[in-house]
Amino acid sequence: MKILVSGGAGYIGSHTVLQLVQAGHDVVIVDNFSNSQPAVIGRLEALAGRHLPVHAFDLLDEDKTEHLFATEGFDAVIHFAGLKAVGESVEKPLDYYENNLGSTFSLVRAMRRHGVDKLVFSSSATVYGTDQAGATEDRPTFATNPYGWTKVMQEQILRDIAVADPTLRFALLRYFNPVGAHASGTIGENPSGIPNNLMPFIAQVAVGRRERLNVFGDDYDTPDGTGVRDYIHVEDLAAGHVAALEALTSTEEPVSVWNLGSGRGTSVLELLHAFERAVGHELPYEVVARRPGDVAVSYADPAKANRELGWQTTRSVDDMCADTWRWQQQNPNGYDDA
Ligand code: NAD
Ligand code: UFG
């Protein structure tokens, strides 16, 4: 298939682009580089062993989006592009609603005009709101912050569009906590500023860019009191997209929802200790207050994806830490070193 990957220069998009190429698909990337750097493209091309066409523009620009679809005949779209920082979404809700909903409108309008019927959409465990433990896909969706609402709303918008045109095939993929990096250590997660998320923060402590990890609370109702999450290696997540895309070519369902997670929970301290094993020494940490809005426990029930996609996670938490550490060590300042 010829696939348009929106947000293909980003963390999850870049790993997925590579697996799509390896699975024999043709890939075209669109990204405005608002949260990624052009340097990733050269590295992707080196890994893929081929040129990757990239269109650097904002999907909110409907004319450019239309022109892209008019000049390239796509079979499917994988839509990663979006803003994703929970805290920032509370500060700048309008930016989040405008960018995340607007980019989806622009893409889906162009798809409809040009007869592209398959879309894989990046959703999140955040759509389960405060009810994220052992989540199955039939749970009611709601959100606790503007970022989360953009995901709930985009899911609903896509469902409504699919009712109006039953020839469409949409996959809503609800990711749990993506971490890790490509085994080469040449592409990985590259947060700008102080990382919001646990794994990149630990990696920056390990490489000496941060003094210590702040553990946000150790009084949750969990085995060691720290928050529990379902970490999924970004390579397993990327494989889930390839499987979902292939499933869309044969399913009768207009909208398919799949959780992508391991089904296992890991606490903050367990992840820290796994990272210490990868690095070979202890890492400094301090327990501080809970972070507002955090749930105690989040993990997927991935049975539906296991059954319907023939997909499951294959990489352990130790693999996730080893691969993150290789990326961080080789690129202490991310793509700024490129
Ligand atoms: P990322 O920020 O690394 O990648 C997103 C990419 O989209 C960036 O390269 C950015 O420049 C681009 N982009 C944003 N708005 C755009 C626009 N209007 N036009 C063109 N390009 C635009 O994020 P990621 O971690 O790779 O996440 C990808 C998707 O998965 C996002 O939709 C995110 O909400 C979702 N998701 C991520 C996580 C996670 O923890 N990383 C968890 C659940 C869901
Ligand atoms: N944590 C710390 N210290 C840190 C960062 C995080 O202790 O410096 C803890 C958090 O309190 C939480 C766990 O580590 O218990 C994981 O936190 P992350 O920020 O890595 O991940 P979240 O589960 O909070 O958030 C992720 C995505 C969101 C998405 C959400 C779905 O980053 O985009 O999952 O619920 F909305």
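Some points to look at:
- Cross-chain or 6+ apart pairs with Cβ under 7 Å, the stretch 71-86 first and touching a residue at least 12 places away in the same chain (Cβ under 8 Å), then among the acidic types (Asp, Glu): Ala81/Asp31; Leu83/Asp95
- Criterion applied to Thr150, Thr65, Thr104 was being closer than 18 Å to Gly13 by Cβ, within 11 Å of ligand 2 (Cβ to nearest atom) and not in a loop (DSSP other than H, G, I, E, B), and the one residue passing it is Thr150.
Residue-by-condition table, conditions (1) of a type in the set (D, E, K, R); (2) out of contact with any Asp or Glu (no Cβ under 8 Å at 6 or more places or on another chain); (3) more than 16 Å from ligand 1 (Cβ to nearest atom):
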site	(1), (2), (3)
Ser262	no, no, no
Ser267	no, no, yes
Glu276	yes, no, yes
His281	no, yes, yes
Pro284	no, no, yes
Arg290	yes, no, yes
Ala296	no, no, yes
Tyr299	no, no, no
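- For the condition more than 10 Å from ligand 1 (Cβ to nearest atom), of a type in the set (Gly, Ala, Ser) and not in a loop (DSSP other than H, G, I, E, B), Gly87 qualifies.
- For the stretch 9-51, taking the residues that are touching a Gly at 6+ places or on another chain (Cβ under 8 Å) and assigned to a helix (DSSP H, G or I), the one that is nearest to ligand 2 (Cβ to nearest atom) is identified as Tyr11.
- Qualifying residue in the stretch 113-131 (condition: among the basic types (Lys, Arg), more than 17 Å from the chain's Cα centre (by Cα) and surrounded by 16 or more Cβ atoms within 10 Å (Cβ to Cβ)): yes
- Within the stretch 26-49, the set of residues being more than 18 Å from Tyr11 (Cβ to Cβ) and either among the β-branched types (Val, Ile, Thr) or crowded, with 19+ Cβ neighbours inside 10 Å (or both) comprises Val28 only.
- Check on Glu276, at pLDDT 95 or above, surrounded by fewer than 21 Cβ atoms within 10 Å (Cβ to Cβ) and under 26 Å from Asp26 (Cβ atoms): no
- Of all residues in the stretch 108-135 being in a loop (DSSP other than H, G, I, E, B) and more than 30 Å from Met1 (Cα to Cα), the one that is nearest to ligand 1 (Cβ to nearest atom): Gln132
- Condition check for Pro191: under 18 Å from Ser89 (Cβ atoms), within 12 Å of ligand 1 (Cβ to nearest atom), of a type outside the set (D, E, K, R) and modelled with pLDDT under 95: yes
- Residue match in the stretch 203-225 (condition: in a strand (DSSP E or B), touching a Pro at 6+ places or on another chain (Cβ under 9 Å) and among the aliphatic types (A, V, I, L, M)): yes
- Leu245 vs. criteria more than 23 Å from Tyr147 (Cα to Cα) and free of Cβ contacts under 8 Å to residues at least 60 places away in the same chain: no
The values are calculated or read from the model by the stated rules, or taken from the named source; none is laboratory data. Note that this is a predicted model, so its numbers are computed, not measured. Counting neighbours? That spans all protein chains shown, and the Cβs are built from the backbone with ideal geometry, glycine included.
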